[in-house]
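Asks: Supplied in structure tokens, the structure appears directly below.
Every number in this text was worked out from the coordinates using simple rules, so none of it is lab data. Given the structure is predicted, the values throughout are model-derived calculations rather than measurements. Every residue, glycine as well, gets a Cβ built from its backbone with ideal geometry; the counts of neighbours run over all protein chains shown.
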Amino acid sequence: MKIFVCIKQVPDTETKIKITPDLKGIDSAGIKWVINPYDEYAIEEALKLRESQPGSQVWVLTVGPKSRANDSLRTALAMGADEAIVINADGLDSFATAKALAEVIRTEGGAQVIFSGKLAIDDNAASVPQMMAEFLNIPHTTVVSKFHLAAENIVVERDTEGGSKEVVQMMAPAVVAANKGLNLPRYASLPGIMKAKKKTIKEIEYSTLNLPAADQKVSYTGMTLPAEKPAVKMITGDSVAQVSELVKMLRDEAKVL
């Protein structure tokens, strides 16, 4: 069985983001890049599936500048993935990313299950897995918190609003987008890290995929950082005075009453 995992390299949540002077992107200087957290659940589930299916292989793919994206691929290899592919590109939107991933997966062939995270924490688009499945013309399910494969039959449990669960049955091959709670991702072992350093990462230039040039055109109207949060106001006095002042502030300042 051939198992693919699509991952994305994103800024660490503790990184302080700066906007470039032209307001069309983020300043990458000083940013710590990591594997998207939801993609870690996808990697772990793929590794678990391989362990239950002797002779299977886990292939990890990403789209991004190979100069830095390879670091996340090596982390995935250190966790236990067998092979890694980077599609060298920058500035692609979700549509172009999904199309590029689908094209490479189709070319490599043999995919039975394609895992990914439900969304990337940098843009929160939550759209690449669904579009990728559409381009591959295969079933998909997202926000998955439980996975089971029996022969060609995939059964997943997905989270819905209000704490409810849905059970979805699909035929393989299919795209499964992982949610938190699907598993507990393993840490890369020292032997795994050493082996990962020696592995060759397959590099594919986006320009060689023969995709329409219009797919990679992204137009920005401008980026801005969120406004600074106002300082916390402390209300003093007895309980009656505090309630009165709070009501006044909610009405006159916050405009919620």
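Asks: For a Förster distance of 22 Å, can you work out the FRET efficiency between the beta-carbons of Ser207 and Arg68, rounded to the nearest 0.05? Before the final figure, lay out each step's value.
Replies: On the way: r = 19 Å, r/R0 = 0.86.
So, using R0 = 22 Å, E works out to roughly 0.70.
Asks: So, one more: If one takes the longest principal axis of the Cα atoms in the chain, at what angle in degrees, from 0 to 90 and to the nearest 10, does the Cα axis of helix 37-52 lie?
Replies: Taking Cα atoms only, the helix is inclined about 30 degrees.
Asks: May I pose another question? How many angstrom separate the Cα center of the range 28-42 from the Cα center of the range 60-120?
Replies: Taking the Cα centre of the range 60-120 as reference, the centre of the range 28-42 is 13 Å away.
Asks: Under 10 Å, Cα contacts only: if you run a Gaussian network model on the chain, which one of Val128, Val167, Val144 comes out with the highest mean-square fluctuation?
Replies: So, out of Val128, Val167, Val144, the one fluctuating most is Val167.
Asks: Mind checking the angle between helix 66-79 and the chain's longest principal axis? C-alpha axes, 0 to 90 degrees, to the nearest 10.
Replies: It works out to around 80 degrees.
Asks: To the nearest 10 degrees, how steeply does helix 239-252 sit against the main Cα axis of the chain, on a 0 to 90 scale?
Replies: The two axes meet at around 70 degrees.
Asks: Taking the Cβ of Leu47 as the center, what net charge do the other residues with Cβ under 15 Å away carry, scoring Lys and Arg +1 and Asp and Glu -1?
Replies: -2
Asks: Tell me, Val256, Val156, Val168 in order of fewest to most beta-carbon neighbours within 10 Å?
Replies: Val256, Val168, Val156
Asks: Follow-up question, since we're still on this one. Along the Cα-to-C-beta direction of Val168, a point sits 7 Å from the Cα; which residues of the range 89-133 have their amide N less than 17 Å from that point?
Replies: What the label zone holds, given the 17 Å backbone N cut-off, is 112-120, 125-133.
Asks: Oh, and also: Counting only C-alpha contacts under 8 Å and six or more residues apart, can you give the relative contact order of the chain as a whole percent?
Replies: 23
Asks: Quick one: Cα centre-to-centre distance for the range 218-254 and the range 158-175, in angstrom?
Replies: Computed from Cα coordinates, the inter-centre distance equals 40 Å.
Asks: Now for a separate question. Between Thr20 and Tyr187, what FRET efficiency comes out of the Förster formula 1/(1 + (r/R0)^6) with R0 = 51 Å and r the beta carbon distance, rounded to 0.05?
Replies: Values: r = 34 Å, r/R0 = 0.67.
Efficiency, from the Cβ-Cβ distance: 0.90.
Asks: If you don't mind, there's one more thing I want to ask. What ranking do Phe147, Phe135 get, fewest neighbouring Cβ atoms within 10 angstrom at the top? If you can, show how the numbers build up before the last one.
Replies: On the way: Phe147 22, Phe135 17.
So the ranking, lowest neighbour count to highest, is Phe135, Phe147.
Asks: Report, in cubic angstrom per residue, the convex hull volume of the C-alpha atoms of the range 1-76.
Replies: Numbers: hull volume 7.1 nm³, N = 76.
Considering the Cα atoms of the range 1-76, their hull volume per residue is 94 Å³.
Asks: Sticking with this structure for a sec: Roughly speaking, what % of Cα-Cα pairs in the range 36-130 are separated by over 17 Å, rounded to a whole number?
Replies: It works out to 51 percent of all Cα pairs.
Asks: While we're on this one: Can you sort Met249, Met79, Met131, Met194 by how many other beta carbons sit within 10 Å, fewest first?
Replies: Listed from fewest to most nearby Cβ atoms, that is Met194, Met249, Met131, Met79.
Asks: Give, in whole angstrom and from largest to smallest, the semi-axes √(5λ) of the equivalent ellipsoid of the range 2-216, with λ running over the eigenvalues of the Cα gyration tensor.
Replies: Equivalent ellipsoid of the range 2-216: 25, 20, 19 Å, largest first.
Asks: Still on this structure, please answer the following. Pulled fully out, how much extra length does the chain show between Asp122 and Asp238, if you take 0.36 nm times their separation in residues and subtract their Cα-Cα distance? Spell out each step's value before the answer.
Replies: Details: separation 116, 0.36 × 116 = 41.76 nm, distance 4.43 nm.
Extra length available between Asp122 and Asp238 comes to 37.3 nm.
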